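First up is the structure itself, then whatever we jot down about it.
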Amino acid sequence: MFTCPNDHMAFTAHPTAVIDEGCTIGEGTRIWHFTHIMPDCVIGEGCNIGQNVVVSPQVKLGRNVKVQNNVSLYTGVECEDDVFLGPSCVFTNVINPRSAVARRDQYLRTLVKKGASIGANATIVCGHDIGRYAFIGAGAVVTKEVPDHAVVVGNPARRIGWMSEYGHKLKFDTEGRATCPESGEQYELKDGHVRKLA
């Protein structure tokens, strides 16, 4: 690994990583073997970008984003702080790609909100936001928006429950209240939406 200055901040990158000019990489970020960081992307502080990852132009990653090996992040993707992207998960950016038809002006945006986790080999079809602290199961194919704290699995992905910020499945009582067994934080389920109580 070697350390690179970038706008007075330092990140580390393996010598096999390809880092194009014009990207912004935050302090304390680590970039591993055979990863390609392309121009005009923005990577926040304290991120970990695994082996054989592609970060395409204009992709934005917040602080403390963990990107596991073999992930493809295409133009149009934005991840907020504390997002976890499991091994080999993929984001698309065009709904109807054709090799012979140029659609670079038709990339759709996908926002992965704070604290969400996406499991290994999941596919996120472009244009669908992933809610705060949502959990996408391994191998799921997301074809619609995922609400905050939702747990979704399958192809196409469907909601099977709700999860706390600490990653525990929430069990709601008859009054729509649940407590995270690790943090003790309380949550409310109302009108199909979950929120953490102050």
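Here, each number is a calculation from the coordinates, and none is a lab measurement. Predicted model only: the values in this text are computed from it and were never measured. Cβ placement follows ideal geometry from the backbone for every residue including glycine, while neighbour counts extend to all protein chains displayed.
Each of G184, W162, T174 was scored by the projection of its Cα onto the charge dipole of the range 153-194, and the greatest displacement toward the positive side belongs to W162; charges sit on the C-beta of Lys, Arg, Asp and Glu.
In units of the rule-of-thumb radius 2.2 N^0.38 Å, the range 2-164 shows an alpha carbon radius of gyration of 1.01. Placing a label point 7 Å from the Cα of R104 along the Cα-to-Cβ direction, no residue of the range 60-87 has a backbone N closer than 11 Å. Placing dummy labels 7 Å off each Cα toward the beta-carbon, the span from V18 to E188 is 5.2 nm. With Rh defined as the Kirkwood radius, the inverse of the mean 1/r over Cα pairs, the Rg/Rh of the range 16-66 is 0.91. Basic side chains Lys and Arg get +1 at the Cβ, acidic Asp and Glu get -1 at the Cβ, and with that the dipole of the range 2-164 about its Cα centre reaches some 640 debye. The phi torsions of the range 110-118, fed into the Karplus equation with coefficients 6.51, -1.76 and 1.60 and a -60° offset, translate into couplings of 10, 10, 9, 7, 3, x, 6, 10, 10 Hz, rounded to whole numbers, with Gly and Pro shown as x. Only lysines eight or more places from K196 in sequence, or on another chain, were considered; those with a Cα closer than 21 Å are K113, K114, K169, K171.
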